[in-house]
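Please read the structure below before turning to the comments.
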């Protein structure tokens, strides 16, 4: 398995989308869809009457996209059941992670990477939105858990300290909470840079406490529209930390980093833990319109 | 207690600084002296209170390397070989997750459970290696032991057989490597079960209760080292992060355990599954263990410690004078002026003075035999009340500022002291003193940092609007604030919480987490110190003094209120029935445009 320098954006024979209430949920379908190819979209069991959900569902159905809706585990299981018998026949797969939860995108991507045929190319695509302010509500940490059960990681050597590698998002002090909860030996922070300068400002503002406590040499920036270089940087940091610590990756922030972390987790499987946090917070539905750009990377199995 | 030479970033974690840094900056406290005694101990404190530093300093490697005026004294005094056992929260999360994994049958679970045993044995072996091979190169030669090569070979063979490992050669170093490999093989085996649950390549492991493995190990070691009755002290840091099944047996072993083994356990104040005192079998007294608490430290001890620690922080930045001299001192309180101002604008205070026959103009003539005790009791309350009822420009009340008050405000917590001092040093330019307003700003910043942290800790339970530990602090703080600056003057405001036969498990757990995070502090005057560890019932606590400035509270012990009373009103009446949530899966085919029963496939998940 390797991540390709170039991105493949055509001739897909399997397309997997996400169905949500945001208008951008169908943005990539508009661009990439081919009604003659097998396609699925994964919907939810909550907020299905909010904003554009019904409209989006109709859009997918009108284009021969199979809709699977429900809670996470059921949806993933159903998709796997559908795809597993002939997964090796697909050579070019598109995975649209725009409105997928981290757990979903990790589960689906991991399934494709594990069961796909050799030389299959999987393109992961994300449609960023125009800037929307972060939620005002507190998002305290209630659970810290694997991004999927596959990524618990090895126990490693308990005599070595945990090195926490975190992507930063724009929720106020979420990363600080995680760092404090784990009381890890050292934190390594990845700050997203994007064309939406408001977003970057909010990321810095809402993580100021953590940033002020972290050694400058442990703070890295990454461009969310350059997944390949992000992949190389994160991977090389992890490998160097493995010599004297137990690295743990928690990709808060943009989902592209979560997808990249899953790829690295699969490459280093079963050693590398890739985890997530949950505040069990019910997000108030907010509209997010695609800003017209797309971020993509391709992995060859 | 913590390293005084740390920069602001690294001072936050005693686990990761090097042994040299730890020793170079170590400051002796009464707690260290107590912990160094040769008996079983439980060290209790919230995060940042210095537990790890104290435990690490007692390991043989640290005592050997420590070079200070007092180090020889302690090397002679410490009558055991200390073995430091680190734990880790993330490791614990992984362990708990793996334990619940479907692919783990009883046999595999036994392999997983053996991991922590090997972790402890490896640390024991590492300390043994240090005493035999490394300490001879040190200046102190601390706990140096001579071991003939033939004896080393025999010792390694004996221990290998006991521990179920196969070192490549019969040396202690190789034995240590084989233990490390054993841990790795367990880790790999468990991980690979995910890929192949029929993996028959099961590592041969030593199971059983930890102490029952350590006991013969120590006896064998002592026998080969010719050290009859040498005590080996196992220093379990943050024991709450060890596997659940290890904790209670270790606590129980503190009573009548093996004679050559001393156990020192550091714990957070609350751990719901550990029982230390509430059963007749596990009841313990002073003869069994010493209990050392790192919160609620006495003022004199706290100030003495703070002077040394903060002095070191200032010194390392080039400020060599007495640390207190860098702080602008608050004005001495003018009681007559404060009382006059307050009684002019607050009729309730005036009434109180009248009822207690206190005449402001005669205050200087009162003695301890008449009104002085009352005046002493109310003067800070009056000062605070006067300050907050005053309109316009005003200086901060003296009770929060000045070196000693600042140290008290952070409860003499080493981690917070270092952080606070690092902030204050930044405002010390050209050798000038740190102004009162800079002191307040730094205190405020420490508060904001703590608030941010506490806001990330979720609370489980059906309490209205209280979803984080900080919400709890805010709720309690505002309740107490009312007692100080509310409508009427109160000479005995409520400022601490007491549990009386509290049966609300949810509430106890919340208070427990608040204690562990340091948001609440157990009060010294609680009836029985032993009950404080786990049995929150009948114990008494207060808000951390760091919140006093924010909520206009005093830095002294206040009267208590029963906790269930103030929380009664915060309970949500309606509980959400979680089983009502839908668990249906709907699949819609692209061939179907409208939703009908036939188009839906409901799966039982």
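The alpha-carbon atoms of the stretch A:67-197 define a convex hull whose volume equals 171 cubic angstrom per residue.
Counting pairs of Cα atoms in the stretch A:29-111, how many percent are more than 19 Å apart? Roughly 37 percent, once rounded to a whole number. From least to most packed, judged by other beta carbons within 10 angstrom and beginning with the fewest, B:419, A:278, B:325 follow the order B:325, A:278, B:419.
At an R0 of 25 angstrom, the distance between the Cβ atoms of residue A:284 and residue B:488 translates into a FRET efficiency of 0.05. At q = 0.11, 0.12 Å⁻¹, what log₁₀ I(q)/I(0) does a Debye calculation on the Cα points of chain B give, no solvent, two decimals? Values, matching the q order: -1.13, -1.27. Between residue B:460 and residue B:209, the contour length at 0.36 nm per residue exceeds the Cα-Cα span by 87.0 nm. Size descriptors for the stretch A:143-278 (Cα atoms only): Rg and Dmax, in that order, 13.8, 42 Å. Percent of Cα-Cα pairs per 10 Å bin, from 0 to the last occupied bin, for the stretch A:169-235, please list those. It works out to 20, 50, 29, 1, in whole percents. If you split all Cα-Cα distances of the stretch B:41-91 into 10 Å bins from zero, what percentages do you get per bin, shortest first? Once binned at 10 Å, the Cα pair distances of the stretch B:41-91 give 22, 49, 26, 4. Any idea how far the Cα center of the stretch A:114-153 sits from the one of the stretch B:292-314, in Å? First find each Cα centre; the distance between them is then 46 Å. Spatial offset of the stretch B:351-400 relative to the stretch A:72-106 amounts to 72 Å, using the alpha carbon center of each.
Based on C-alpha pairs under 8 angstrom that are at least 6 apart in sequence, the stretch A:143-278 has a relative contact order of 40 percent.
Considering only alpha-carbon pairs that sit under 8 angstrom and 6 or more positions apart, the relative contact order computed for chain B is 16 percent. The mean sequence separation of alpha-carbon pairs under 8 Å and at least six residues apart, normalised by the residue count of the stretch B:22-294, gives a relative contact order of 32 percent. The distance separating the Cα centre of the stretch B:184-246 from that of the stretch A:235-292 comes to 33 Å. In degrees, nearest 10, range 0 to 90: what is the angle between the Cα axis of helix B:89-99 and the longest Cα principal axis of chain B? For B:89-99 against chain B, the angle is about 50 degrees. Expressed as a whole percent, the proportion of Cα-Cα pairs in chain A lying more than 26 Å apart is 42%.
State the antiparallel share, in %, of DSSP beta bridges confined to chain A, rounding to the nearest 5.
30 percent
Against the main long axis of the alpha-carbon atoms of chain B, helix B:372-389 sits at an angle near 90°. Shape class of the stretch B:22-294 from the alpha-carbon gyration tensor: oblate, with a/c at 1.5 or above and b/c at least as large as a/b. Dividing the C-alpha radius of gyration of the stretch B:301-346 by 2.2 N^0.38 Å, with N its residue count, gives 1.86. In plain terms, the residue of A:211, A:252 with the fewest other Cβ atoms within 10 Å comes first and the most crowded comes last, giving A:211, A:252.
Taking the fewest neighbouring Cβ atoms within 10 Å as the starting point, the ordered list for B:381, A:48 is A:48, B:381.
Given 10 °C and 1.306 mPa s, compute D for the stretch A:234-301 with the Stokes-Einstein relation, Rh being the Kirkwood radius over Cα pairs; round to the nearest whole µm²/s. List each step's numbers first, then the result.
Values: Rh = 14.4 Å.
The Stokes-Einstein estimate is 110 µm²/s.
Of the beta bridges in chain B, as assigned by DSSP with both residues counted there, near 25 percent are antiparallel. Helix B:106-129 and the longest principal axis of the C-alpha atoms of chain B enclose an angle of approximately 80°.
Computed across the stretch B:86-126, the Kirkwood radius stands at 11.1 Å (inverse of mean 1/r, all Cα pairs). Size of the stretch B:16-62 from its Cα atoms: along the principal axes, largest to smallest, the extents are 26, 24, 16 Å. Panel note: the C-alpha atoms of the stretch B:301-455, placed on their principal axes, show extents of 54, 35, 30 Å (largest first). Note that the protein assembly as shown carries a Kirkwood radius of 30.7 Å, evaluated over its alpha carbons pair by pair.
Each value in this text was obtained by applying a stated rule to the coordinates, not by laboratory testing. Given the structure is predicted, the values throughout are model-derived calculations rather than measurements. We place every Cβ from the backbone using ideal geometry, glycine too, and count neighbours over all the protein chains shown.
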